[in-house]
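Scroll down for the structure; my scribbles are underneath it.
The values are calculated or read from the model by the stated rules, or taken from the named source; none is laboratory data. For clarity, every value in this text was computed on a predicted model and none was experimentally measured. Glycine also receives a Cβ, built like all others from the backbone with ideal geometry; neighbour counts cover every protein chain displayed. What goes into the accessible areas is simple: the full protein's heavy atoms, side chains included, and nothing from ligands, DNA or RNA. Shrake-Rupley method; radii C 1.70, N 1.55, O 1.52, S 1.80 Å.
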Amino acid sequence: MDYLPNILFALALFIGIGYFAKNVKKLRRNIGLGQDLDISDNKPERWKNMARIALGQSKMVRRPVAGLLHVIVYVGFIVINIEVLEIIIDGLLGTHRIFSSIGSLYGVLIGTFEILAVLVFVAVIVFWIRRNIIKLKRFWNSEMTSWPKNDANYILYFEMVLMTLFLVMNATDIHFQEMHSGNVISQFIAPWFSHFSEGTVHLIERSAWWLHILGILIFLNYLYFSKHLHILLAFPNTFYASLKPKGEFNNLEAVTKEVKMMMDPNVDPFAAPAENAEVPAKFGASDVQDLNWLQLLNAYTCTECGRCTSECPANQTGKKLSPRKIMMDTRDRLEEVGKNIDANKGTFVDDGKQLLDDYITREELWACTSCNACVEACPVSINPLSIILDMRRYLVMEQSAAPTELNNMMTNIENNGAPWPYNQMDRLNWKNE
Amino acid sequence: MSELLNVPTMADFMAQGKQPEVLFWVGCAGSFDDRAKKITKAFVKLLNKAKVDFAVLGTEESCTGDPAKRAGNEFLFQMQAVTNIEVMNAYEVKKIVTACPHCFNTIKNEYPELGGNYEVMHHTQFLKDLLDEGRLSIEGGQFKGKRITFHDPCYLGRANNVYEAPRDLIQKLEAELIEMKNCKKNGLCCGAGGAQMFKDAEKGDKEVNVERTEQALDMKPEIIAAGCPFCNTMMTDGVKAKEREDDVKVMDIAELIANAQDL
Ligand code: SF4
Ligand code: SF4
């Protein structure tokens, strides 16, 4: 019977990590629904970017207040997780504070954790105030209602509760308090419980300990459903982000082949298509499967912070376009497609919906100036513009559905080599005017 | 005026069996837009003054395909690109300078994969080199102490990380360079990019160019400097919309330098 807590703990751990692993598998499958893209170049530079942007938070601190608060929560989160290691060992072996045998260093560690816990708690409160009381504009755009809004707050509540439990757990640990080492914060909380009997205090300590670790396991599994997934995906996402100049848009290979063929005088236009001629690819993207896997990884990584949208010239001037919404829509649709596949034994069954029109409207797509402000602003190197461009490509090349003025512009280029109706032969007239 | 401009074409050079030092890619705006033509001429005057052996393609130049590509028409873009590359490769072009950041970006970044490999410079970079090499000099004068703010073109700045060349030139004029709150990496678009130049904006509560012009006017500049013919149009329209055209001018960096020389 003595082993019951150990067994329960192992079971909780197994279920928590197992369910998480299952969702990670789903995540990989969904991202894999995207088109192939070979990103194996420049590994050293990619590692550097990951270290700088994801680990080093270099882009977060461009907004000093939010950046600093975020760094606190981030460092706190990582460092306090060392404590989780001890909890897991204690839980499995039935020991108590197994690391305390390392002596005074233990006090230093726990002391650091306690201070960080308080800092995180305060930072999270400030975050909550910015979101809900000050109502910073970027948290209140039209895409930030219902789930996205609640999600953000749930995460904050989660962190408040976890930090509180950690401090209470230490404060009610009579043995730990008696060590007088490392209880820098909890010694001030301990007196709150002094009028309880020793047994009650011990019960509170055990409850806090269990709730703390269960809370962490629940939080781990919450990630998949939340914008908080960025704490993991920011790493691969910054690693795989484009290293090219932002102005460089990819040249579609399928188009290059056709153009080369059209321009090649040696190709017999009446020749029968070659045996191995590929089925013509679909140009551009109308649904998530047409996007590449990096764009889908981008969608799962988006933390919905809205830095992109607040820098977007279209959004700033009241247009419908919001680059954040582009990313959120892509993720929502991808999730929908994933669920469809799950429900249909591994194959996607047409549901009469797609990313274009059902999620992202044409009005949004055509409002983009391709200015790259969103790409520059994103703290985790997401590129909303590339999705906008691929969807425009679909509209223009598959549907001939560009706005009339753009069609005129393109006809002009086709006929006179300029976007305006001027004759190419007049191109040098300026020199004599 | 016009007889002062010496604008040889690549065909002229070819006929003499010679190669110019650089190809000046004029671009569609630079060739046809009335405001942009003035920038083209100002730049040519500077090239002439510095005795740069340059040539233009003239009637052999065609749209780079930038607006088509950003509108989503990859076919048209690549048709334009391949045609231009064929022409330039036939002339064995090595180095290109252009006063349009869109042409600059497209030729520099998107042509290589399609067979067009050239050294491409924005005219502000090229002018800076001319000054550094002592081939061109600026005698302060006109713009000394004037308040000038520079509007970063998206396709020069964020898209290609060129922020310093245009600023260095403004400083060489001994003008007072004042930075908008949103500048360099954080510069706000003028509203023309991504083929927006050629269509009306979607429904909203403001025009992008007005927003950007307001940011510039907040700095109380005498001159808003631009480095792109499209930005120039947008900012000029913005200044007009704010009825400030009498006291605030929108000028290209090349015009500033040419004017400083009284060219
Ligand atoms: S590239 Fe498009 S979506 Fe991104 S900030 Fe600029 S206008 Fe907005
Ligand atoms: S795309 Fe980047 S900047 Fe925009 S909301 Fe998502 S994480 Fe934030």
Note to self: So in chain A, which Cys have no other cysteine's beta-carbon sitting under 4.7 angstrom from theirs?
What the structure shows: A:302, A:305, A:312, A:368, A:378
Margin query: Considering just Cα atoms, how many Å³ per residue does the convex hull of the protein assembly as shown enclose?
Written below: 204
Margin query: If you scale each eigenvalue of the Cα gyration tensor by 5 and take the root, what three semi-axes come out for the range A:1-135, rounded to whole angstrom and sorted largest first?
Written below: 32, 26, 18
Note to self: Between residue B:139 and residue B:90, what is the label-point separation in nm under the 7 Å Cα-to-beta-carbon projection?
What the structure shows: 4.5
Next item on the list: Can you quote the Å³ per residue value for the convex hull of the Cα atoms in the range B:137-263, rounded to an integer?
Entry: 106
Checklist line | Local net charge near residue A:45, Cβ-Cβ under 13 Å (Lys/Arg +1, Asp/Glu -1) | finding: +4
Margin query: Given the -39500 (n - 2.57) contribution per DSSP H run of 4+ residues, what per-residue ellipticity at 222 nm results for the protein assembly as shown, rounded to the nearest 500 deg cm²/dmol?
Written below: -16000 deg cm²/dmol
Next item on the list: Could you provide, to the nearest whole Å², the per residue accessible area of the range B:2-129 with probe 1.4 Å?
Entry: 32
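Please compare each pair in A:319/B:199; A:246/B:184; A:227/A:325; A:282/B:69; A:59/A:246; A:22/A:353 to a cut-off of 19 Å on the Cα-Cα distance and tell me which ones are over it.
With Cα atoms farther than 19 Å apart: A:22/A:353.
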Notebook entry, point to check: Any idea of residue B:205's accessible area? Nearest 10 Å², probe 1.4 Å.
Noted result: 120
Next item on the list: Any chance you could look up the accessible area of residue A:420 with a 1.4 Å probe, heavy atoms only, rounded to 10 Å²?
Entry: 50
Notebook entry, point to check: Give me the Kirkwood hydrodynamic radius of the range B:2-129 in Å, from all C-alpha pairs, to one decimal place?
Noted result: 14.8
Check: Helix A:146-171 versus the longest principal axis of chain A: what is the Cα-based angle in degrees, 0 to 90, to the nearest 10?
Finding: 30
Notebook entry, point to check: Under a Cβ-Cβ limit of 4.7 Å, which cysteines in chain B have nobody to pair with?
Noted result: B:28, B:63, B:183
Next item on the list: Please tell me which of these pairs span more than 21 angstrom C-alpha to C-alpha: B:18/B:38; B:38/B:181; B:144/B:240; A:43/A:244; B:185/B:240; B:181/B:220?
Entry: B:18/B:38; B:38/B:181; B:144/B:240; B:185/B:240
Item checked: Cα-based helix-to-principal-axis angle, A:198-222 vs chain A, degrees rounded to 10 -> 10
Item checked: Kirkwood Rh and Cα Rg combined as Rg over Rh, evaluated for the range A:179-233 -> 1.18
Next item on the list: Residues in the range A:360-390, backbone N under 14 Å from the label point at residue A:340 (7 Å along the Cα-to-beta-carbon vector): list them, ranges by number please.
Entry: A:360
Notebook entry, point to check: To the nearest µm²/s, what D does Stokes-Einstein give for the range A:253-402 at 4 °C and 1.567 mPa s, using the Kirkwood radius over alpha carbon pairs as Rh?
Noted result: 76
Notebook entry, point to check: Percent relative contact order of chain B, based on C-alpha pairs within less than 8 angstrom and at least six residues apart?
Noted result: 20
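If you take the alpha carbon radius of gyration of chain B and divide it by 2.2 N^0.38 Å, what ratio comes out, to two decimals?
Dividing the Cα Rg of chain B by 2.2 N^0.38 Å gives 0.99.
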Next item on the list: Taking each pair of different alpha-carbon atoms in the range A:96-232 once, compute 1/r for the pair, average those values, and report the inverse of that mean as the Kirkwood hydrodynamic radius in Å to one decimal.
Entry: 16.7
Next item on the list: May I ask for the Rg/Rh ratio of the range A:85-165, computed from Cα atoms with Rh as the Kirkwood radius, given to two decimals?
Entry: 1.18
Item checked: Residues residue A:425 and residue A:125, FRET efficiency given R0 of 45 Å [Cβ-Cβ distance, rounded to 0.05] -> 0.05
Note to self: In whole percent, and with a 1.4 Å probe on the protein chains, what portion of the accessible area of chain A is carbon and sulfur?
What the structure shows: 64
Item checked: Tilt relative to chain A, helix A:230-240 - C-alpha long axis, 0 to 90 degrees, to 10 -> 40
Check: On average, how much accessible surface per residue is there in the range A:253-402, in Å², for a 1.4 Å probe, leaving out ligands, DNA and RNA?
Finding: 41
Notebook entry, point to check: How big is the A/B interface in buried accessible area, both sides summed, 1.4 Å probe, to the nearest 100 Å²?
Noted result: 5900
